[in-house]
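Each remark here refers to the structure printed beneath this line.
The values are calculated or read from the model by the stated rules, or taken from the named source; none is laboratory data. Note that the structure is predicted; figures quoted are calculated from it, not measured. Neighbour counts run over all protein chains shown; Cβ positions are idealised from the backbone, glycine included.
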Amino acid sequence: MGRVQYIGRRLLMMVLVLFGVTIIIFSMVRLIPGDPAFLILGDRATNEAAAQLREQLGLNKPLLTQYWEFIRGIATGQLGTSLLYRQPVINLVARRVPVSLFLAFYAMSLAAILTLTFGVLAAVNRGRWVDHVVRIAFLFFITTPAFWLGILLILLLSLRLHLFPVSGYGQTLTDHFRSLFLPALTLALQLSAVLIRNLRGQIITVQYSDYVRTARSKGLSERMVLWRHTLRNALIPVVTIFGLQFGYLVGGTVVVETVFAVPGLGQLLIQSITGRDYPVVQAITVIAAFFVILVNLIVDLSYSFLDPRVSYE
């Protein structure tokens, strides 16, 4: 099986997985306690007004009919109308997707830098004080809840040192990088904490491989052996974990966007869950699932670039 056939098979599996996700999300959203009609009407809510609103919003239709309309909307790009905001879901989501994607890739970039820097540093200084400091520091980050770590960064880098904004997104590209640095760093510290420990262990293991000893016997410098032979092979399992951790990143974005008041999908999701806005919750969850599956596909395809011995037969 070549790469093209492999991608085609994975895309088919992606469709099947997304179909399963839609069933789970559609069912779980409707298990959330509370009546959307009463929440929308607020103090003006009466049984008659709530029944009329359910009729207008289509909430009194059979569940199978509502699910079919949901699936048809995904296929046609028409995700329905928000129950709270009374505007097309696609418009609400389209304004927020770029913000969340920017934050996610910003966090992934910072995590990659932190992982390579401190993972290699800890491995080459195995058993020394540098190794112990790196491991203890990132153990603290992985055991600290994201919202608490975000608050600590706000207190230190925003309120105390005035280096970065407390919240928001900014207007220009430079503002985006400054405004999202703290939320991206919050996510990156926890994401890289897992990756650093794995990369350190893989580098230490690969250092004793036959091809590494052969490279040293050829007279190559330790730096050349590390970057050309050891690190490249040690990265393969780390990349796998990196892809799996993207699911955590999606979930962590919801919390971090709320802490830093970032106008992304996470903040909209929290508001929609609170308001029982079914169409918005369903749309955001399906979009998040799509990106998680897509990132895992990209990770699988990256193996052949890291190691030419990997094939898709």
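Against the condition in the same structural domain as I204 (by TED's automatic domain parsing) and under 18 Å from V256 (Cβ atoms), how does L161 come out, does it pass?
no
Conditions (1) of a type in the set (V, I, T); (2) farther than 18 Å from G275 by Cα; (3) in a helix (DSSP H, G or I); (4) modelled with pLDDT of 75 or more, marked per residue:
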{"site": "R9", "(1), (2), (3), (4)": "no, yes, yes, yes"}
{"site": "M13", "(1), (2), (3), (4)": "no, yes, yes, yes"}
{"site": "M28", "(1), (2), (3), (4)": "no, no, yes, yes"}
{"site": "I40", "(1), (2), (3), (4)": "yes, no, yes, no"}
{"site": "E48", "(1), (2), (3), (4)": "no, yes, yes, no"}
{"site": "A51", "(1), (2), (3), (4)": "no, no, yes, no"}
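Scanning the range 175-216 for residues that are closer than 23 Å to L249 by Cα and of a type in the set (S, T, Y), which turns out modelled with the highest pLDDT?
Among those that are closer than 23 Å to L249 by Cα and of a type in the set (S, T, Y), it is T186.
I'd like the full set of residues that are buried (at least 18 other Cβ atoms within 10 Å of the Cβ) and either out of contact with any helix residue (DSSP H, G or I) (no Cβ under 9 Å at 6 or more places or on another chain) or not in a helix (DSSP H, G or I) (or both), limited to the range 166-208.
Within the range 166-208, Y169, S179, L180, Q207 meet the criteria.
What do you reckon, is F246 at pLDDT 80 or above and in contact with a helix residue (DSSP H, G or I) (Cβ under 6 Å, 6 or more places away or on another chain)?
no
Look through L114, L159, L110 and report the one residue that is modelled with pLDDT of 85 or more, part of a helix (DSSP H, G or I), of a type in the set (A, V, I, L, M) and farther than 30 Å from L199 by Cβ.
L159
Go through (1) in a loop (DSSP other than H, G, I, E, B); (2) at pLDDT 85 or above; (3) under 20 Å from the mean Cα position of the chain (by Cα) for P98 and report which single condition fails.
(1)
What tally of residues in the range 101-148 results from selecting those that are closer than 30 Å to G266 by Cβ, among the polar types (S, T, N, Q) and surrounded by fewer than 19 Cβ atoms within 10 Å (Cβ to Cβ)?
So the count comes out to 4.
Are any residues in the range 250-295 outside any helix (DSSP H, G or I) and modelled with pLDDT of 80 or more, and if so, which ones?
Within the range 250-295, F260, A261, V262, P263, G264 meet the criteria.
For the range 80-95, what are the residues that are surrounded by fewer than 16 Cβ atoms within 10 Å (Cβ to Cβ) and at pLDDT below 80?
R86, the sole residue that qualifies.
For the range 137-148, which positions are within 17 Å of the chain's Cα centre (by Cα) and either part of a helix (DSSP H, G or I) or among the aromatic types (F, W, Y) (or both)?
Residues satisfying the conditions are I142, A146, F147.
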